[in-house]
Amino acid sequence: MFIDDDLDALVARADLDGLVRLVDARCESRDWPGVLRIRDRSRAALESGRQLWPAATLAEYRLALRAPSEWATQVLHEDGGRFAIGPLTEVVAQNHSWSEMRDLLPRGPRRSFVAHERVLRGEVVDPDDLDDPVLDTPLRLLDWEPSYALPVYGDDGVRCDSPIDLRRPQWIDVGGSGDVEMLDDASLEAAARALVTPWLDSSNGTLRTAIVSGGNDRVVAALRLGSARLDPLAPAEALAWLAWCAASGGVHGRRRGAAVGRFDAWWFVAAVGGLDWSDLGSEPSAAVHDILESTTWWRLGTNEPDAPYQLSIVAEHDGETIAVVATDQRA
């Protein structure tokens, strides 16, 4: 084993601050084998009760983000990055091309997730490069898809601006009153929940759904809002917003990645059209596109305070209107 006295001393006394400084120093000097040793020995220390997983996580994250592909791909094992701010499959995709990584990545689900992340960054992946694509979205971006919101990972954090916050709304006032019978659709409700699962399971999120016959005034009444505002969205804008929400972790949850966001957005669109995802086969593009374009999409505005993470979308399709209202607050 490579002798690394400074590292061994820090591990022996469980000096987390010192290990973080050592990660910084070795990244600065591009000592990628040294950073990998920090990861390995910090992980091994867990067996003796020394809680050095933050140092191991930081080393893995920095390798995925900054190191050349031959080192970055070594942290993409199935239990790597468990406590990182986002999936390492997305982190590594920010600065490394598929062509660089293809021959270095082991076969398995993480290889497929990396491929899908690179697709969102404009690459086309040969299906023969994957044993199992994992996600049923195409291994290329289609001309009708939006520019999905992609994160920017840095040494100390991640930022991903919502596409809905980068546009000027055109609000239309809508009233809603009276009793409205709600429709049941377990598949649609499951697809809606999938968009914001980390908000609900790992943070302070709330979710309301409403499905009614009729137009947007009926769904406003079903939500018992009295009145609301609607901002018309182009289909591509709606898809981009859905994908952004599904990719995020909310305020306190762990980010899931843009590839998952794209898949969950497609799944929701299919459910709006009354289709079960399992019935779409290996090429769902045409069906999803048809539903997306034949649906009228709105952003719903209420008098409730703005939340850091908010999905308030209304979809009118084939005589029914669906509303999904989810928020995640800091407190």
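Things worth noting here:
- Looking only at the range 79-111, and only at residues there that are part of a loop (DSSP other than H, G, I, E, B) and in contact with a Gly (Cβ under 7 Å, 6 or more places away or on another chain), the one that is nearest to His252 (Cα to Cα): Ile85
- Residue check for Pro308: closer than 26 Å to Val219 by Cα and not assigned by TED's automatic domain parsing to the domain that holds Gly81: yes
One line per residue, one yes/no per condition, for (1) exposed (fewer than 12 other Cβ atoms within 10 Å of the Cβ); (2) under 18 Å from Leu311 (Cβ atoms); (3) in contact (Cβ under 8 Å) with a residue 40 or more places away in the chain:
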{"site": "Asp132", "(1), (2), (3)": "yes, no, no"}
{"site": "Ser147", "(1), (2), (3)": "yes, no, yes"}
{"site": "Tyr153", "(1), (2), (3)": "no, no, yes"}
{"site": "Pro198", "(1), (2), (3)": "no, yes, yes"}
{"site": "Ile211", "(1), (2), (3)": "no, yes, yes"}
{"site": "Asn216", "(1), (2), (3)": "no, yes, yes"}
{"site": "Val220", "(1), (2), (3)": "no, yes, yes"}
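- His252 falls short on exactly one of the conditions (1) over 30 Å from Val91 (Cβ atoms); (2) touching a strand residue (DSSP E or B) at 6+ places or on another chain (Cβ under 9 Å); (3) not β-branched (Val, Ile, Thr), and that condition is (1).
- Flag for Ala326 being buried (at least 22 other Cβ atoms within 10 Å of the Cβ) and within 22 Å of the chain's Cα centre (by Cα): yes
- Test for Leu120: is it among the aliphatic types (A, V, I, L, M), farther than 15 Å from Phe263 by Cβ, buried (at least 21 other Cβ atoms within 10 Å of the Cβ) and in contact with a Lys or Arg (Cβ under 9 Å, 6 or more places away or on another chain): no
- Single residue of the range 156-182 satisfying the filter (within 30 Å of Val20 (Cα to Cα) and among the hydrophobic types (A, V, I, L, M, F, W, C)) that is farthest from the chain's Cα centre (by Cα): Val158
- Unmet requirement for Ser248, which otherwise passes all of (1) more than 23 Å from Phe113 (Cα to Cα); (2) in contact with a Cys (Cβ under 9 Å, 6 or more places away or on another chain): (1)
- Residue count for the range 166-177, restricted to those that are within 21 Å of Tyr309 (Cβ to Cβ) and in contact (Cβ under 8 Å) with a residue 12 or more places away in the chain: 3
- In the set (1) touching a residue at least 12 places away in the same chain (Cβ under 8 Å); (2) not in a loop (DSSP other than H, G, I, E, B), Thr137 fails one condition alone, (2).
- Residue within the range 155-165 that is outside the structural domain of Trp244 (by TED's automatic domain parsing), in a strand (DSSP E or B) and without any contact (Cβ under 8 Å) to a residue 60 or more places away in the chain present: yes
- Taking residues in the range 46-67 that are without any contact (Cβ under 8 Å) to a residue 12 or more places away in the chain, and partners anywhere that are not small (Gly, Ala, Ser), the pairs with Cβ atoms closer than 8 Å and at least 6 places apart or on different chains are Leu46/Leu52; Leu46/Trp53.
- The set of residues in the range 210-236 being in contact with a Pro (Cβ under 7 Å, 6 or more places away or on another chain) and acidic (Asp, Glu) consists of Asp231 alone.
- Selected residue (criterion: surrounded by the most Cβ atoms within 10 Å (Cβ to Cβ)) from residues of the range 104-115 that are in contact with a Ser or Thr (Cβ under 7 Å, 6 or more places away or on another chain) and modelled with pLDDT of 95 or more: Val114
- Taking the conditions (1) touching a residue at least 24 places away in the same chain (Cβ under 8 Å); (2) assigned to a helix (DSSP H, G or I); (3) surrounded by fewer than 14 Cβ atoms within 10 Å (Cβ to Cβ) in turn, Ser42 satisfies each one other than (3).
- Just one residue in the set Trp98, Trp71 is crowded, with 16+ Cβ neighbours inside 10 Å, of a type in the set (Phe, Trp, Tyr) and under 23 Å from the mean Cα position of the chain (by Cα); that residue is Trp98.
- Being crowded, with 18+ Cβ neighbours inside 10 Å and at pLDDT below 95 is a property that holds for Leu76.
For (1) acidic (Asp, Glu); (2) closer than 21 Å to Phe83 by Cα; (3) loosely packed, with under 15 Cβ neighbours inside 10 Å, each residue gets a yes or a no:
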position	(1), (2), (3)
Ala14	no, yes, no
Asp17	yes, yes, yes
Pro33	no, no, yes
Leu52	no, yes, no
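The values are calculated or read from the model by the stated rules, or taken from the named source; none is laboratory data. Bear in mind the structure is a predicted one, so any value in this text is a computation, not a measurement. Glycine gets a Cβ as well: all are built from the backbone with ideal geometry, and neighbour counts include every protein chain shown.
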